[in-house]
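These notes concern the structure reproduced below.
Every read-out reported here was derived from the displayed coordinates using simple, explicitly stated rules and does not represent laboratory data. Keep in mind the model is a prediction, meaning the values are calculated, not measured. Reconstructed Cβ throughout: ideal geometry from the backbone, glycine too, with neighbour counts over all protein chains shown.
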Amino acid sequence: MKLTDVEVNDRPEIDGSIRVGGHFGARRVVYQIPRVPLDDYFPKWPHLSDAQRHTLVTSNLNAIKGIMQRQCELQAWREIRAPGGSFWLLEFEPRDLHRQLSDYQLFVPYVQMIKDGTFQVNVPIAGSPFPHVLPDVFRTEEEAETWLDSPIGRELVQKVRMTKTERGH
């Protein structure tokens, strides 16, 4: 049986965790990823914002689907009864998440407020403890994230990564 209709909840939980839900046959299954393992994946970074955690999970959804599929096949779940109906919560194991995600070389660009109250986009570079700071400055976080998700933003991030990787940062 295959896991279907997998999607990331738009909002994080109160504790900062991110829920990914789907269906395994007739069962509604949920994989809840706590905040700390996502933050700990990048030990040199400051803690991620809710938006960055959401982007991290969304951009690596195929890897997370693989974890969820295995958990479903092993029936590694427990039933949770909630006011809106019951669902099956899959077991979370940080080791599985880090092992699966490490294959994807997670280096997600992120938006950061700078001292003057504007926002910049930082692009983490593999093997470097410091991100590359893009020269554009944005008035709001939303403006910066919108630019980052645009074709121009994605293209520039890709160019920076290729250039920095070729030069060895």
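Summary table below
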| item | result |
| --- | --- |
| Top of Leu156, Leu97, Leu74 by mean-square fluctuation, Gaussian network on the chain, Cα under 10 Å | Leu74 |
| Within-11-Å neighbourhood charge of Tyr110 [Cβ basis; K, R +1; D, E -1] | -1 |
| Loop trypsin sites (Lys or Arg not before Pro), the range 1-60 (other Cβ atoms within 10 Å of the site Cβ: 12 or fewer; DSSP) | Lys2, Lys44 |
| Furthest towards positive pole of dipole, Asn60, Val8, Trp77, structure part the chain, Cβ charges | Trp77 |
| Over the chain, relative contact order from alpha-carbon pairs under 8 Å, at least 6 apart, % | 14 |
| Set of aspartates and glutamates with alpha-carbon distance to Lys65 below 19 Å, sequence-local pairs under 8 removed | Asp5, Glu7, Asp10, Glu73, Glu91, Glu93, Asp96, Asp103 |
| Additional length obtainable on full extension of the chain from Met1 to Arg28, 0.36 nm per residue less Cα span | 8.4 nm |
| Label point distance in nm, Asn9-Asp50, each placed 7 Å from Cα along Cα→Cβ | 1.1 |
| Residue-count net charge about Val36 - beta-carbon cut-off 12 Å; Lys, Arg +1, Asp, Glu -1 | -1 |
| Least to most buried among Glu145, Glu73 (fewest other Cβ within 10 Å first) | Glu73, Glu145 |
| For the chain, calculated [θ]222 nm from helices alone, where every DSSP H run of n ≥ 4 adds -39500 (n - 2.57) | -11500 deg cm²/dmol |
| Least to most buried among Lys159, Lys65 (fewest other Cβ within 10 Å first) | Lys159, Lys65 |
| Within a Gaussian network of the chain (alpha carbon springs, distance under 10 Å), most fluctuating of Gly22, Gly84, Gly117 | Gly84 |
| Exposure proxy ranking, count of Cβ atoms within 10 Å, fewest first, for Arg70, Arg139 | Arg139, Arg70 |
| Counted charge near Asp149, where neighbours are those whose Cβ lies closer than 13 Å (Asp, Glu -1; Lys, Arg +1) | -4 |
| Extension gain (nm, one decimal) between Gln112 and Thr58, 0.36 nm per residue minus Cα-Cα | 17.5 nm |
